[in-house]
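Only one structure is covered here, and it is reproduced in the block below.
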Amino acid sequence: KIKSIRVFVFIAILVVSIAPMAAILLQAQKTAFEREIQQVDHAHLVIADNLASTLERYAQDITSAFNFLVEARGTISPDAWEVKKLTDHYGFRFIALANKEGRISAISAGDITPTPSQALL
């Protein structure tokens, strides 16, 4: 009978001491996991912000390049290496102007196809 009381007391002390330790460990693990999630969220926001600013800059650059090619069409040679480099860099396939009536006039610049196909219009 004494052995059973000793075993019972031992098990009771073990449960009383392990339960708080388990709770503390679970809380620490949960806190560490939440901290990691916050850091990943922050990193994703930084990446998204950088990507957005890069895309905004690209949109500005391509708009400026397009405007330059359209405005300089009469003053610069379409075969000039700068024009070829600019059109190749931004991947322009063709440039065309359309008036209010829907009439399309081609602009030749660099290695650009002078007139778009009807399928693209």
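Between ALA80 and LYS3, what is 0.36 nm times their sequence separation minus the Cα-Cα distance? Round to one decimal in nm.
Working: separation 77, 0.36 × 77 = 27.72 nm, distance 10.05 nm.
Length difference between fully extended and current span is 17.7 nm.
Excluding HIS42 itself, calculate the net charge of residues whose Cβ lies under 15 Å from the Cβ of HIS42, where each Lys or Arg counts +1 and each Asp or Glu counts -1.
Working: positive: ARG35; negative: GLU34, GLU36, ASP41, ASP49.
Once all neighbours under 15 Å are counted, the net charge is -3.
Nearest 0.05, what FRET efficiency do ALA32 and ALA52 give at R0 = 41 Å with Cβ-Cβ as r? Intermediate results must be reported in sequence, preceding the final value.
Details: r = 31 Å, r/R0 = 0.75.
The calculated FRET efficiency here is 0.85.
Once you order the gyration tensor axes a ≥ b ≥ c over the Cα atoms, which shape class does segment 1-74 get: rounded for a/c under 1.5, otherwise prolate or oblate by comparing a/b with b/c?
Values: a/c = 19.10, a/b = 11.19, b/c = 1.71.
Prolate, because a/c is 1.5 or more and a/b exceeds b/c.
Quick note: the coordinates plus some simple rules give every number you see, no bench work behind them. Bear in mind the structure is a predicted one, so any value in this text is a computation, not a measurement. Backbone-built Cβ (ideal geometry, glycine too); neighbour counts: all protein chains shown.
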